[in-house]
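First comes the structure, then the notes that go with it.
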Amino acid sequence: MSRKCSLSIVLFIYIVFLSLGQLAAQEEGEIIIISERVGKEIDQEERDKFELFQGINGFQSAVYIRLPDNRYFLEITYLDEKRGELKIARIQQSEISIENGEYYIDRFEEIQEKKHQKAISDTSESSDIKEKDFYITLYLGESTLVGNFGIEFQYKRIGYNIGVFQDIIAIDNSLCGGIRYYFKPHHHSWVIGIGGGIALDEPKPDDWVGEPGSVVDMYIGILIGYRWIWWNKLHLNIGAGPNYIKWKRIKEGRNADYLPMLDFVIGYSF
């Protein structure tokens, strides 16, 4: 083989290796510093301090790389626990993600403080809803506790009721009231109650042709029911129970129909 041919082969091999070296260098790129607080390489201590890469098991280190074509990559070195060997994961990054990472590390304490304050605020608001002790609820419907329209003052598990019942067995208006006990004061709940009522009007027997001879003068009874609550505001109460009635004789004739304790009302609380 001539000297000229040998020289050509050596030159060719040199050019090939030089090109491969340049390609490798281009692929490896340049390590960049996204924050002076971590430097070129993010180690395990810095990862824990700034709560970075929490989902990477076996984390060892991480670097950010910029290639000559201005692409960015994050290279994470981690220990494969199954095989017991180190591996590298390369994840492409955008300029925005690089800027966000810099902002997060440089202002880490400030960000954590804001998160802490928000958590306290959310917990406080949640506690205000759950731990509110006093409610005022307006009711409409048919109830021997709050009448056709009435009001309840609820403190914790106890509700104090008062209302007006109209047209109750030949009496225009009756005053009624009682106490409810809620097993769950802030949620759907079983309810037990006791209450009663008294006539406010004097009946006029001449006005009732064919009506019974006795009317309800007062009553007292026990009620068992259930209350539904939606959005911590809207209430629906349904219940029934036995009732003792004191009749008032107006004229000759039978007593009026028996009146049980009833509760079928909707309410809105404040």
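Within region 161-170, is even one residue closer than 16 Å to HIS235 by Cα and not hydrophobic (A, V, I, L, M, F, W, C)?
Start the filter on region 161-170 by keeping residues that are closer than 16 Å to HIS235 by Cα, which leaves 161.
Filter once more, so that each one left must be not hydrophobic (A, V, I, L, M, F, W, C): 161.
Yes: region 161-170 contains one or more residues that are closer than 16 Å to HIS235 by Cα and not hydrophobic (A, V, I, L, M, F, W, C).
Which of the residues spanning region 66-97 are in contact with a helix residue (DSSP H, G or I) (Cβ under 7 Å, 6 or more places away or on another chain) and surrounded by 13 or more Cβ atoms within 10 Å (Cβ to Cβ)?
Taking region 66-97 and keeping what is in contact with a helix residue (DSSP H, G or I) (Cβ under 7 Å, 6 or more places away or on another chain), we get 67-68, 72.
Residues satisfying the conditions are LEU67, TYR72.
Would you mind finding the one in PHE165, PHE153 that is at pLDDT 95 or above, over 16 Å from ILE250 (Cβ atoms) and not in a loop (DSSP other than H, G, I, E, B)? First the steps, then the outcome.
Working: PHE165 fails: at pLDDT 95 or above.
Going through PHE165, PHE153 in turn, the sole match is PHE153.
Could you please tell me which pairs satisfy a Cβ distance under 6 Å, a separation of 6+ or placement on different chains, a first residue in region 212-232 that is more than 14 Å from PRO260 (Cα to Cα), and a second residue that is surrounded by 14 or more Cβ atoms within 10 Å (Cβ to Cβ) and of a type in the set (D, E, K, R)?
Close Cβ pairs (under 6 Å, with a partner that is surrounded by 14 or more Cβ atoms within 10 Å (Cβ to Cβ) and of a type in the set (D, E, K, R)) amount to VAL215/LYS248; ASP217/LYS248.
Which residue is surrounded by the most Cβ atoms within 10 Å (Cβ to Cβ), if the candidates are limited to region 98-137 and must be more than 26 Å from the chain's Cα centre (by Cα) and either hydrophobic (A, V, I, L, M, F, W, C) or at pLDDT below 90 (or both)?
Among residues in region 98-137 that are more than 26 Å from the chain's Cα centre (by Cα) and either hydrophobic (A, V, I, L, M, F, W, C) or at pLDDT below 90 (or both), the one surrounded by the most Cβ atoms within 10 Å (Cβ to Cβ) is ILE105.
Residue-by-condition table, conditions (1) assigned by TED's automatic domain parsing to the domain that holds LEU138; (2) modelled with pLDDT of 75 or more; (3) surrounded by fewer than 16 Cβ atoms within 10 Å (Cβ to Cβ):
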| residue | (1), (2), (3) |
| --- | --- |
| ALA199 | yes, yes, no |
| ASP206 | yes, no, yes |
| GLU211 | yes, no, no |
| LEU223 | yes, yes, no |
| ASN237 | yes, yes, no |
| LYS246 | yes, yes, yes |
| ARG249 | yes, yes, yes |
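The values are calculated or read from the model by the stated rules, or taken from the named source; none is laboratory data. Computed from a prediction, not measured in an experiment: that's the story for all the values here. Because the Cβ atoms are built from the backbone with ideal geometry, glycine has one as well, and the counts that use them run over all protein chains shown.
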